[in-house]
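**Student:** Here's a structure for you.
The values are calculated or read from the model by the stated rules, or taken from the named source; none is laboratory data. Remember, predicted model here, so these are calculated numbers, not experimental data. As a convention, Cβ positions derive from the backbone with ideal geometry for all residues, glycine included, and neighbour counts pool all protein chains shown. All accessible areas refer to the heavy atoms of the entire protein, side chains included, with ligands and DNA or RNA removed. Shrake-Rupley method; radii C 1.70, N 1.55, O 1.52, S 1.80 Å.
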Amino acid sequence: MRLLALHVQDFRNLGQVSLSPSPHATIAVGQNGQGKTNLLEALYFLATLKPLRAGRLSELVRWGAPAARVTGRFLLKGAEREISVEVAGGVRQSFVDGKKAPSLEEYFGGVSVVAFTPDDLEVVKGGPDSRRGFLDRAVFNRFPAFLRESREYARALKNRNRLLRTGPVDSVYLEAYDETLAKAGARVYARRRALMAELAPRAQATFASIGRTPDPASYGYRPAHLGELDFAQADEAALANALREALASRSRRDLERGFTSVGPHADDVSVTLGSRSARAYASQGQQRALVLGWKIAEIENLEAATGFLPLLLLDDVSSELDPERNAYLMRYLAESGAQVFLTTTDASLVRAAAAQDTLWMGVRSGAVSLSPPGDSPSGLSSPPDGGEPG
Ligand SMILES: Nc1ncnc2c1ncn2[C@@H]1O[C@H](COP(=O)(O)OP(=O)(O)OP(=O)(O)O)[C@@H](O)[C@H]1O
């Protein structure tokens with residue numbers, strides 16, 4: 001898979017951007033607050049239909065503009081196809097080759113992306129919700145149908161919570177809501193479990209080579225409150241049963257509190273180092289190495305599963321990693337052959353990922369200036385005047 005062309009219109013502070021990315025590294029250099037992350041976010045949104053940071057879709061539309069639109073032309077299995085996503089009036093619409101996308105499967109058609117941001121580096125010590133988001137992003141990348149499945153779960157959860165808040169509830173009525181929630185929840189459990197089965201061993205192995213510690217890492221997911229269930233082996237019907245029972249047994253408490261206390265939305269991912277909680281005991285450098293191990297595993301896992309390397313989006317992570325781990329990452333990117341987009345305020349931090357055909361771009365006040373391929377800002381360790389190389 002390769003992105004041949006990208007067009008962005010009125011997305012956040014970006015007015016109009018058209019570029020033909022390098023098959024390898026495309027690097028956006030600029031000072032803080034200029035629009036570098038917005039460019040990656042546009043690409044992430046195109047490839048996943050999910051915002052990277054925004055809470056609401058309307059945040060993605062450039063202030064004062066009626067709509068935001070991102071279009072990408074991809075080379076996939078020898079054929080070219082164009083996908084677009086548009087946001088207008090808080091509503092998203094997706095297109096394939098200029099026509100409304102008939103289905104998500106048709107839209108994605110093999111496009112996949114892995115993003116790596118400074119927020120990811122904080123995930124080990126953050127709260128369960130950020131780890132869940134982190135896990136689910138990997139699940140979306142691996143199983144695009146999860147976009148719809150997780151929404152179904154979110155809808156069922158919202159409906160049950162609304163019912164709990166409206167006061168005394170007929171138990172037969174509540175059971176019907178539990179049934180819907182349990183089925184949708186079982187799907188989410190199964191998807192997360194499948195992803196973890198593939199990813200965790202790879203992440204553990206990658207960490208072993210970058211962690212600089214004799215302690216092994218482990219990454220695990222086990223839903224809470226499912227009793228004696230053998231989570232690793234249970235089929236989807238058994239998962240749904242277990243969740244239905246957990247919902248029923250906690251319904252009094254849920255009614256008192258007005259929200260659902262069990263289900264995939266309340267789970268956590270455990271990350272341990274030498275069998276101790278990494279959140280509680282790992283150093284900051286170790287925590288970041290644990291995340292780096294996970295991200296590299298995600299890339300390799302997607303390649304193994306789909307036969308393609310995903311697009312890689314790295315938002316200013318180099319300045320957050322120590323020099324040794326940054327060097328590891330840059331070497332990995334250069335050797336992997338992946339198509340990668342990097343942002344940085346300091347070109348010297350990412351130069352090791354650049355090859356002869358790197359496309360360097362400067363980003364300033366939402367405008368992108370391009371340097372011809374190969375015209376790297378050599379000797380430019382800190383780009384002058386807002387980072388317009390070349
Ligand atoms: N919907 C929007 N319309 C117009 N401008 C927006 C919108 N959303 C965000 N911005 C602007 O985008 C800018 C931030 O861009 P971005 O996050 O891409 O910065 P950056 O270049 O990655 O900076 P940093 O290096 O600090 O991460 C801010 O000036 C913000 O006000």
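**Student:** Any idea which residue in region 154-203 is most open to solvent (accessible area, probe 1.4 Å), counting only those that are basic (Lys, Arg) and over 20 Å from ARG222 (Cα atoms)? Walk me through how you get there before you give the answer.
**Tutor:** Of all residues in region 154-203, those basic (Lys, Arg) come to 155, 158, 160, 162, 165, 183, 187, 191-193, 202.
Remaining after also requiring over 20 Å from ARG222 (Cα atoms): 155, 158, 160, 162, 165.
Working: ARG155: 137, LYS158: 129, ARG160: 0, ARG162: 121, ARG165: 155 Å².
Ranking the qualifying residues of region 154-203, first place goes to ARG165.
**Student:** On the given criteria, is ALA355 open to solvent by 50 Å² or more (accessible area, probe 1.4 Å) and modelled with pLDDT under 90?
**Tutor:** Values: open to solvent by 50 Å² or more (accessible area, probe 1.4 Å): yes; modelled with pLDDT under 90: yes.
So ALA355 passes the test.
**Student:** Restricting to region 56-88, what's the tally of residues that are more than 12 Å from the ligand (Cβ to nearest atom) and either free of Cβ contacts under 8 Å to residues at least 12 places away in the same chain or open to solvent by less than 20 Å² (accessible area, probe 1.4 Å) (or both)?
**Tutor:** 9
**Student:** Of all residues in region 205-226 being under 22 Å from ALA194 (Cβ atoms) and over 23 Å from the mean Cα position of the chain (by Cα), which is surrounded by the fewest Cβ atoms within 10 Å (Cβ to Cβ)? Before the answer, list the steps.
**Tutor:** First pass over region 205-226, keeping only residues under 22 Å from ALA194 (Cβ atoms): 205-207, 217-226.
Remaining after also requiring over 23 Å from the mean Cα position of the chain (by Cα): 224-226.
Values: ALA224: 13, HIS225: 17, LEU226: 21.
Result: ALA224.
**Student:** When you go through (1) within 28 Å of SER130 (Cα to Cα); (2) touching an Asp or Glu at 6+ places or on another chain (Cβ under 8 Å); (3) of a type in the set (Ser, Thr, Tyr) one by one for THR71, which number turns out not to apply?
**Tutor:** Failing condition for THR71: (1).
**Student:** So, one more: Could you list, in sequence order, the residues of region 337-352 that are away from the ligand (no atom under 16 Å from the Cβ) and at pLDDT 90 or above? Can you show your working first?
**Tutor:** Step one: list which residues in region 337-352 are away from the ligand (no atom under 16 Å from the Cβ), which gives 337-340, 351-352.
Listed by number, the residues that qualify are ALA338, GLN339, VAL340.
**Student:** Right, something else. Here is a check on your reading of the model: is SER381 surrounded by fewer than 21 Cβ atoms within 10 Å (Cβ to Cβ), within 25 Å of GLY127 (Cα to Cα) and at pLDDT below 95? Give the derivation first.
**Tutor:** On the way: surrounded by fewer than 21 Cβ atoms within 10 Å (Cβ to Cβ): yes; within 25 Å of GLY127 (Cα to Cα): no; at pLDDT below 95: yes.
Against the criterion (surrounded by fewer than 21 Cβ atoms within 10 Å (Cβ to Cβ), within 25 Å of GLY127 (Cα to Cα) and at pLDDT below 95), SER381 does not qualify.
**Student:** Working carefully through the options PRO264, PRO214, PRO201, PRO223, find the one that is assigned by TED's automatic domain parsing to the domain that holds ALA138 and touching an Asp or Glu at 6+ places or on another chain (Cβ under 6 Å). I'd like the intermediate steps shown before the answer.
**Tutor:** Details: PRO264 fails: touching an Asp or Glu at 6+ places or on another chain (Cβ under 6 Å); PRO214 fails: touching an Asp or Glu at 6+ places or on another chain (Cβ under 6 Å); PRO201 fails: touching an Asp or Glu at 6+ places or on another chain (Cβ under 6 Å).
Selected residue: PRO223, the only one of PRO264, PRO214, PRO201, PRO223 that is assigned by TED's automatic domain parsing to the domain that holds ALA138 and touching an Asp or Glu at 6+ places or on another chain (Cβ under 6 Å).
**Student:** Next question, about the same structure. When both residues are 6+ apart or on different chains and their Cβ atoms are under 8 Å apart, which pairs have a first residue that lies in region 1-16 and is surrounded by fewer than 20 Cβ atoms within 10 Å (Cβ to Cβ), and a second that is modelled with pLDDT of 95 or more and acidic (Asp, Glu)?
**Tutor:** Listed pairs, sorted by first residue: LEU4/GLU80; GLN16/ASP10.
**Student:** Being surrounded by 17 or more Cβ atoms within 10 Å (Cβ to Cβ), within 24 Å of ARG155 (Cα to Cα) and not hydroxyl-bearing (Ser, Thr, Tyr) narrows it down to one of LEU302, LEU229, LEU273, LEU247, so name that one. Steps first, answer last, please.
**Tutor:** Details: LEU302 fails: within 24 Å of ARG155 (Cα to Cα); LEU229 fails: within 24 Å of ARG155 (Cα to Cα); LEU273 fails: within 24 Å of ARG155 (Cα to Cα).
The unique qualifying residue is LEU247.
**Student:** May I pose another question? Report whether or not VAL271 is outside the structural domain of LEU370 (by TED's automatic domain parsing) and touching a His at 6+ places or on another chain (Cβ under 8 Å).
**Tutor:** Spelling it out, it is not the case that VAL271 is outside the structural domain of LEU370 (by TED's automatic domain parsing) and touching a His at 6+ places or on another chain (Cβ under 8 Å).
**Student:** Out of the residues in region 19-34 that are open to solvent by less than 10 Å² (accessible area, probe 1.4 Å) and among the small types (Gly, Ala, Ser), which is farthest from ALA347 (Cα to Cα)?
**Tutor:** SER22
**Student:** Which of the residues spanning region 31-55 are within 7 Å of the ligand (Cβ to nearest atom) and on the phi > 0 side of the Ramachandran plot?
**Tutor:** Selection gives GLY33, GLY35.
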